[in-house]
Amino acid sequence: MSLTFDILVIGSGIAGLSFALRVADRYRVAVVTKKEKIETSTNYAQGGIASVLGPDDSFDLHMRDTLQSGDGLCHADVVEMVVKNGPARVQELTEMGVAFSRGQDPSAPFDLSREGGHSRNRIVHAHDMTGREVERVLVSMAEAHPNIEIFENHIAIDLIVECHLLKRGLLTTRKRERCWGAYVLDTRGNRIITFHAKNTLLCTGGAGKVYVYTSNPDVATGDGVAMAYRAGAVIANMEFVQFHPTCLYHPHAKNFLISEALRGEGGRLLDKRGHPFMEKYHPLKDLAFRDIVARAIDTEMKQSGDDCVYLDMTHHEPDFLKRRFPNIYEKCLTLGIDITREPIPVVPAAHYMCGGILTDRHGRTSIDHLYALGEAACTGLHGANRLASNSLLEALVFAHNTAQDLLARPASADDSYLLEVPRLEMPKIADSSEMVLITYNWDVIRRLMWNYVGIVRTDARLQLAQNHLAQIQREIDEHYPNISLNSDLIELRNLTTVAEIIVTCARKRLESRGLHYNVDHPQKDDAHWCRDTLLRLDEPAA
Ligand code: SIN
């Protein structure tokens, strides 16, 4: 079966939906999403959107904080563009009906909170459920738009690009690489659909599931980065994996974040004996940049042998905590932790990919007619360490820029994207004995990445990880054509690719900077490494 749209958007978070809504009056848009439409990282974002909205704030201060966090690798022009666009994008969301929290002062439009690395209160939020509120509005508007069709339970398998077509003999000459859409598995209908599209957007979010401990939902398997890589796109800076310092530590809590906004409200990190420890690590103490806080917690846990540290909020009135953090309060209470009376057990966990598919200021990738937005992209904003709450902002600004780019183009007669492409056939035989390959390797990769490619790295561990991953990749390549295609297998293939990309990028960078800390190269080396790490398929290995 094949379907044709003007634009194919893969992913239904803030990047994909806000883009789709901007272009849908002119273009027919398919939004493909692998689970239910709200099951996105956006939906779980607690903190908020950083933007210059307070009377004591300025663009210069937000830019300075972002650049400092990025540790020399942010692209200053992109930082300026994103920061300056922020207030307008937040205003648009309020006009669409997003209900951001208001403060005590009824004349102030927003209650602005603070997170690590911000020198001012500038996080606009909806209590501690900002992403859920934004997603609610975007989904309802997208559903109501006649030109947007949402395909739930459809997982993209691969992009339709020249290099894949050349391999199958469908094209004989190679021009500049371009994308014509994607092959997509309808997981309910158990069939592969060929989506033809003049333009394709990868808005697939992050890849936190590559680590055993993550704040991300199950969908965060790096599908966009893996597909783009296989298609020959340039990938950048994947060694910069942000570990959020505070995820809930409890045997029955899966991936639950304890927002940095708690530390913004004066929360203090304590060791098991109740001693604060962040003053040992940075003058900003509990509100230092995330790489510093996560490494400090990792050090404390390794030194003490404790399973977790604690975040204490008990200095606040219970009513304040229940009003400001209703979601976190309720979740902890269901697990027997009353945050108004006792400190919260927390551990660091993989949270955000600062690298991704390299794009320009309009979301364009190195492949024609292929765009990337949101966490899947590497735009130059985050550098070596993303400043908290800059990611929803980035998604909004780049969705706007990409839409402007596409809307400004004259209608073209180019209909080559309608070319006949070979159907992808479902493998006929479901070899159930091989299904163990999926579950076993899924587990191995996530533990391997946590132990060898985590907060603190060494050359030897990175080398070991690369060897193990190469073996797993070989097994997958061997068995992939024979196992009945399903979303677990597609995700495993993508996770393995993303894990290999992270390790390759980490091995290339022979220094420590931002989120990449290697004890064999503990210093920052501006003379050689003040630049992005770029990677593309078929490049010789490190
Ligand atoms: C948080 O609420 O701590 C997460 C915010 C972010 O990662 O930007």
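Of the residues that sit in the stretch 245-297 and are touching a strand residue (DSSP E or B) at 6+ places or on another chain (Cβ under 6 Å) and among the hydroxyl-bearing types (Ser, Thr, Tyr), which one is surrounded by the most Cβ atoms within 10 Å (Cβ to Cβ)?
Looking at the filtered set, the residue picked out is Thr246.
Answer yes if at least one residue in the stretch 21-36 is within 16 Å of the ligand (Cβ to nearest atom) and crowded, with 17+ Cβ neighbours inside 10 Å, and no otherwise.
So far as the stretch 21-36 goes, no, none of its residues is within 16 Å of the ligand (Cβ to nearest atom) and crowded, with 17+ Cβ neighbours inside 10 Å.
Taking only the stretch 490-506 into account, find how many residues are out of contact with any strand residue (DSSP E or B) (no Cβ under 9 Å at 6 or more places or on another chain) and either open to solvent by 50 Å² or more (accessible area, probe 1.4 Å) or closer than 19 Å to Gln242 by Cα (or both).
6
Is it the case that some residue within the stretch 229-238 is within 16 Å of the ligand (Cβ to nearest atom) and modelled with pLDDT of 95 or more?
no
Which members of the stretch 317-335 meet the condition of being in a helix (DSSP H, G or I), open to solvent by 40 Å² or more (accessible area, probe 1.4 Å) and charged (D, E, K, R)?
Scanning the stretch 317-335 gives Asp319, Lys322, Arg323, Glu330, Lys331.
Need pairs with beta-carbon distance below 7 Å; first residue without any contact (Cβ under 8 Å) to a residue 40 or more places away in the chain and within the stretch 350-365, second in a loop (DSSP other than H, G, I, E, B) and more than 16 Å from the ligand (Cβ to nearest atom); sequence gap 6+ or separate chains.
Thr359/Thr365
In this structure, does Ser12 turn out to be within 16 Å of the ligand (Cβ to nearest atom) and under 16 Å from the mean Cα position of the chain (by Cα)?
Against the criterion (within 16 Å of the ligand (Cβ to nearest atom) and under 16 Å from the mean Cα position of the chain (by Cα)), Ser12 does not qualify.
Would you be able to say whether some residue in the stretch 95-104 is within 17 Å of Arg386 (Cα to Cα), away from the ligand (no atom under 16 Å from the Cβ) and among the small types (Gly, Ala, Ser)?
No, every residue in the stretch 95-104 fails to be within 17 Å of Arg386 (Cα to Cα), away from the ligand (no atom under 16 Å from the Cβ) and among the small types (Gly, Ala, Ser).
Would you confirm, using the coordinates I've provided, whether Arg136 is open to solvent by less than 30 Å² (accessible area, probe 1.4 Å), at pLDDT 95 or above and of a type in the set (D, E, K, R)?
No, not satisfied.
Answer yes or no as to whether Arg122 is within 16 Å of the ligand (Cβ to nearest atom) and within 21 Å of the chain's Cα centre (by Cα).
no
Assuming Gly189 fulfils every condition listed in (1) surrounded by fewer than 24 Cβ atoms within 10 Å (Cβ to Cβ); (2) in a strand (DSSP E or B); (3) among the small types (Gly, Ala, Ser) apart from one, which condition is it?
Tallying (1) surrounded by fewer than 24 Cβ atoms within 10 Å (Cβ to Cβ); (2) in a strand (DSSP E or B); (3) among the small types (Gly, Ala, Ser), Gly189 fails exactly one: (2).
Please determine, by comparing only the residues of the stretch 440-496 that are more than 24 Å from Arg513 (Cβ to Cβ) and of a type in the set (Ser, Thr, Tyr), which one is modelled with the lowest pLDDT.
Tyr480
Exactly one condition in (1) more than 25 Å from Ala236 (Cβ to Cβ); (2) open to solvent by 40 Å² or more (accessible area, probe 1.4 Å); (3) aliphatic (A, V, I, L, M) is not met by Ala108; state its number.
Just one mismatch for Ala108, condition (2).
All but one of (1) at pLDDT 95 or above; (2) aliphatic (A, V, I, L, M); (3) under 20 Å from Glu152 (Cβ atoms) hold for Met1; which doesn't?
Status for Met1: all satisfied but (1).
Can you name every residue in the stretch 37-52 that is within 16 Å of the ligand (Cβ to nearest atom) and either out of contact with any helix residue (DSSP H, G or I) (no Cβ under 8 Å at 6 or more places or on another chain) or in a loop (DSSP other than H, G, I, E, B) (or both)?
Result: Thr40, Ala45, Gln46, Gly47, Gly48, Ser51.
The values are calculated or read from the model by the stated rules, or taken from the named source; none is laboratory data. Here the structure is a predicted model, which means the values were calculated and not measured. Please note: Cβ atoms are built from the backbone with ideal geometry, for glycine as well, and neighbour counts cover all protein chains shown. We work out accessible area using only protein heavy atoms, side chains counted, and drop any ligands, DNA or RNA first. Shrake-Rupley method; radii C 1.70, N 1.55, O 1.52, S 1.80 Å.
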